Each structure stands twice: as structure tokens, then as C-alpha cells.
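For reference, the structure is listed below as C-alpha cells.
The values are calculated or read from the model by the stated rules, or taken from the named source; none is laboratory data. Computed from a predicted structure; not experimentally measured. Note that each Cβ is placed from the backbone with ideal geometry, even for glycine, and that neighbours are counted across all protein chains shown. Surface accessibility is based on the protein's heavy atoms, side chains included, excluding ligands, DNA and RNA. Shrake-Rupley method; radii C 1.70, N 1.55, O 1.52, S 1.80 Å.
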Amino acid sequence: MKTIVITGGAGFIGSHVVRLFVTKYPEFRIINLDKLTYAGNLANLTDIEDAPNYTFVKGDITDASFLEGMFAEIQPDGIIHLAAESHVDRSITDPLSFVMTNVVGTANLLNAAKNHWKDSETAFEGKRFYHVSTDEVYGSLHNPEDFFLETTAYDPQSPYSASKAASDHFVRAYGNTYKMPVVLSNCSNNYGPNHFPEKLIPLLIHNIQLNKPLPVYGKGENIRDWLYVVDHARAIDTIFHNGTLGETYNIGGFNEWKNIDLVHLLCSIMDRKLGREEGTSAKLITYVTDRAGHDLRYAIDASKIMNELGWEPSLQFEEGLEKTVDWFLANHEWLDNVTSGNYQSYYQGMYANR
Ligand code: NAD
Ligand code: DAU
């Protein structure tokens, strides 16, 4: 039996990766290692929490000695690393927590894996360290014909993207220096169920329901490339199993949207779903002060993963957005508990003595 540690498995994307691995690979032991910060929430995983091949461990990747002890105990064969501070706006007000979790945390994980694996009988054979990263490391595109390729030079512009870029460099450095079996991916904006309502799409859905203003930064002209979260989880599965060691894969849906166009599309879907007259929700749109250093455009060229590994997105954007809205409307309780912090105090209390 292989033992796979998935870090950040209680978060948005991590919860979809954990669910996919637990259900698809009953022969693997899946360990979800998560600190349960404000963004981590075990209610994202209630449907699989009793599966015999699933274990949750509450722990902090910034704690090196905890990681050494945990790895000695559970003997992981693979690590899929998603734990991070992930919100750009928070990185602007509190950059150092991003340095701690994203840079120091990743270096700690690499180090714990290296120390544990190199002393084992088989050393790095059959082992794999997979680092999940973001397209934001490439910076901001200005020419409409340009796309981010795996070879695009790093040019991070926010404390968040700088911390993710630094973590990517550490992963490659461990691959090069210690010959650790590493693989990386850089993905565009995800959306879907379990998305924390500080990010654009769930924030809009929440505010439309409550008839609250819909804050659009600047003129709403920034462009993002959106991918349904389950398709990202499928790509992670593909890369973990079939990706070439030492390689990086860009993941995206060739699906660029100007923010303001996306806001209007979502308003129109919500009007229909809530039985409101078309145009009602769009009246809530409020232009607000722009994000400091706001990247203009992200756009991924995902040809490499499509051509070499045969992955492709399964959903069109409109279909994915409908599914997402349906999920949020059917899960009021999730949204209420997440925004009030109820889940956090409940689950933190449950694991207080670990
Ligand atoms: P998220 O904020 O929803 O979840 C992060 C998870 O990490 C939470 O469960 C949190 O409790 C956990 N965590 C945070 N600090 C930790 C620590 N010190 N120790 C252990 N666990 C800790 O994030 P997400 O949006 O699901 O993103 C997951 C990963 O994917 C991140 O590495 C992010 O950079 C990357 N990514 C995200 C997107 C996106 O659109 N959301 C796109 C590309 C890449
Ligand atoms: O590109 C991948 C990245 O996508 C991930 O690495 C990050 O973890 C993830 O948070 C996301 O970053 P963004 O900054 O692009 O996502 P966010 O949802 O915060 O914002 C999307 C766009 O919408 C961005 O141009 C800022 C704008 N925005 C955002 C919020 C929260 C608004 O106009 N109003 C808002 O209230």
C-alpha cells in the first residue's frame, strides 16, 4: 500500500484532490495534513471522512520537528503539497505570514521528505514530491497575444506570488541538488464548490444572495483564466502519476474573462436562479479602489499537459458556473458557517489536543 500525504487537504482545491484520491485509489493510504486555518474546513470532506483509506492529521508545515516526527511515523511514499496562504489581498496586508507558510513551510516539507527518504532502504526510488503552484509566479501579461508557457521567466508582482515563486525555486533546487524526485504545476484561477467566500466568484454569489454591493476593483478590466476545480484535481492526479520527474506543467482552461464581463454573467445566472427580474443583481455592482499592484492579465498555455499527458478540461465555463451557483445555493449552511467562523471553532476544538 502506498502512503500519500496531501497538505492543505481541508482547503478549497485540496478537498477536491483528497476526495478524488480517496475514492479513486482505495489501495492508497491518503493522509490529509492541514493546520485548519481560517481557510481550512473539514466540512469540505464529510462524505469521505469515514473511508478506511483516509486519515486526517492536524499539523503545521512551519513546524519542522513536527514534520520529521510525522514522516518517521507514517513513512510517506508521495507528497502532494497544496497547503498555503492563498489570497492576494491578505498577502498585501500581512506579507510575512505568506513567507512563513509558503516559503518556510515548503522548505520544511522538502527537508523532512529528503531526510526521511534518503535514510530509507529504497531512498528516492518510487517516491515523488509534487508541488502545486500558481500562474501568478509569471507576473502580468500586457500583450493580448502572449500566454504563460512553462518557460516564461518568473516575474512575481505581489507578496503572494513572490512567496509561491520562492517555494517553486526551493522545490527545483532540491530536485537539482539532492536529486529529489520532484514535479511541479502552475495553474490558473480555480472556481467551484468549497471556494472560500473572500475570492471573487463565491464573494459575488454570497453578496448577490444578501443584496449587498458587488465590489469590482478598479475598472473591472483585469483578465483571469478560469478553470473548474475538479478539472484541476484531475490534472493533479494525471501529473502525480504520469508527469515526468523534474518537469513543470501549466494547467488552464483557455478560458479568459474580463472581470466585469464575468460579474455580469454571474449576475444574470443568479437573477434566473433566484427568480429575480433580469438586471436586478447587476444594480449591486460597485466600483471600488483597485488592488495595489493589481496584475492585469493571466492566460495559461496548457498545450504541454494536453499534448504530453492527454489531460483536458471536462467542462465549459458556463456549465461550470451553473454547477457552482447551484452548489452554493444548496449549501447555505456551509456559507453561513464559513463566514461566521463556526466551522473553524468547531473543528479546531475537536482536534485541540493533537
Ligand atoms: P485555500 O486557502 O483554500 O486552502 C489552503 C489550505 O492550506 C487550508 O486548508 C489551510 O488550512 C491549509 N494551511 C494553510 N497554512 C498551513 C500550514 N502552515 N500548515 C498546514 N496547512 C496549512 O487554498 P486553495 O485556493 O485551495 O489553494 C491550494 C493551493 O493551490 C495553494 O498552494 C495555491 O497557491 C494553489 N493554487 C490556487 C489556485 C486558486 O485559484 N485557488 C490556483 C492555482 C494554484
Ligand atoms: O491565478 C491563480 C490565482 O488565482 C491563485 O494562485 C490564488 O490563490 C487565487 O486566489 C486567485 O488569485 P486572484 O487574485 O486572481 O483571485 P481573486 O478571486 O482574489 O480575484 C480575481 C479577480 O477579481 C482579480 O482581478 C481581483 C478581482 N476582484 C477580487 C475580489 C476579491 C474584484 O474585482 N473584487 C473582489 O472583491
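Quick notes on this structure:
- All told, Ser133 falls short of being within 16 Å of ligand 1 (Cβ to nearest atom), in contact with a strand residue (DSSP E or B) (Cβ under 7 Å, 6 or more places away or on another chain), over 16 Å from Pro181 (Cα atoms) and open to solvent by 20 Å² or more (accessible area, probe 1.4 Å).
- Candidates Lys219, Lys199, Lys179: the one that is charged (D, E, K, R) and without any contact (Cβ under 8 Å) to a residue 60 or more places away in the chain is Lys179.
- Residue in the stretch 44-60 that is within 20 Å of the chain's Cα centre (by Cα), assigned to a helix (DSSP H, G or I) and touching a residue at least 24 places away in the same chain (Cβ under 8 Å) present: yes
- Contacts under 9 angstrom Cβ, first residue in the stretch 69-88 being in a helix (DSSP H, G or I), partner within 16 Å of ligand 2 (Cβ to nearest atom) and among the acidic types (Asp, Glu), 6 or more apart: Val88/Glu136; Val88/Asp295
- Filter pass, Glu85 being within 12 Å of ligand 1 (Cβ to nearest atom), among the charged types (D, E, K, R) and within 24 Å of Val183 (Cβ to Cβ): yes
- Contacts under 6 angstrom Cβ, first residue in the stretch 90-105 being more than 10 Å from ligand 1 (Cβ to nearest atom) and polar (S, T, N, Q), partner part of a helix (DSSP H, G or I) and open to solvent by 30 Å² or more (accessible area, probe 1.4 Å), 6 or more apart: Ser91/Pro159
- Exclusive hit being of a type in the set (Asp, Glu) and within 13 Å of ligand 2 (Cβ to nearest atom), set Asp271, Asp261, Asp237: Asp261
- Flag if Phe21 is in a strand (DSSP E or B), in contact with an Asp or Glu (Cβ under 8 Å, 6 or more places away or on another chain) and more than 8 Å from ligand 1 (Cβ to nearest atom): no
- The residues in the stretch 186-219 that are surrounded by 19 or more Cβ atoms within 10 Å (Cβ to Cβ) and either in a strand (DSSP E or B) or more than 16 Å from ligand 1 (Cβ to nearest atom) (or both) can be counted, and the count is 8.
- Selected residue (criterion: most open to solvent (accessible area, probe 1.4 Å)) from residues of the stretch 100-112 that are of a type in the set (S, T, N, Q) and over 18 Å from the mean Cα position of the chain (by Cα): Asn111
- Residue list for the stretch 157-185, restricted to those being more than 10 Å from ligand 2 (Cβ to nearest atom), in a helix (DSSP H, G or I) and open to solvent by less than 10 Å² (accessible area, probe 1.4 Å): Ser163, Ala165, Ser167, Asp168, Val171
- Scope the stretch 90-99; condition within 11 Å of ligand 2 (Cβ to nearest atom) and either part of a loop (DSSP other than H, G, I, E, B) or open to solvent by less than 40 Å² (accessible area, probe 1.4 Å) (or both); matching residues: Ser91, Phe98
- Failed item in (1) at pLDDT 95 or above; (2) hydroxyl-bearing (Ser, Thr, Tyr); (3) open to solvent by 10 Å² or more (accessible area, probe 1.4 Å), with Thr122 passing the rest: (1)
- Condition met for Leu149 (modelled with pLDDT of 95 or more, within 15 Å of Thr62 (Cβ to Cβ) and open to solvent by 50 Å² or more (accessible area, probe 1.4 Å)): no
- Ile92 meets each of the listed conditions (1) at pLDDT 95 or above; (2) in contact with a strand residue (DSSP E or B) (Cβ under 8 Å, 6 or more places away or on another chain) apart from (2).
- Those residues of the stretch 62-89 which are charged (D, E, K, R) and either touching a Ser or Thr at 6+ places or on another chain (Cβ under 6 Å) or within 14 Å of ligand 2 (Cβ to nearest atom) (or both), in sequence order: Asp77, Glu85, Asp89
- Residue identified as under 24 Å from Asp135 (Cβ atoms) and out of contact with any Asp or Glu (no Cβ under 6 Å at 6 or more places or on another chain) among Glu319, Glu277, Glu333: Glu319
- Scanning the stretch 17-40 for residues that are more than 16 Å from ligand 2 (Cβ to nearest atom), in contact (Cβ under 8 Å) with a residue 40 or more places away in the chain and out of contact with any strand residue (DSSP E or B) (no Cβ under 9 Å at 6 or more places or on another chain) gives Arg19, Leu20, Lys24.
- Of everything in the stretch 25-78 that is under 14 Å from Val5 (Cα atoms) and of a type in the set (S, T, N, Q), the residue that is surrounded by the most Cβ atoms within 10 Å (Cβ to Cβ) is Asn32.
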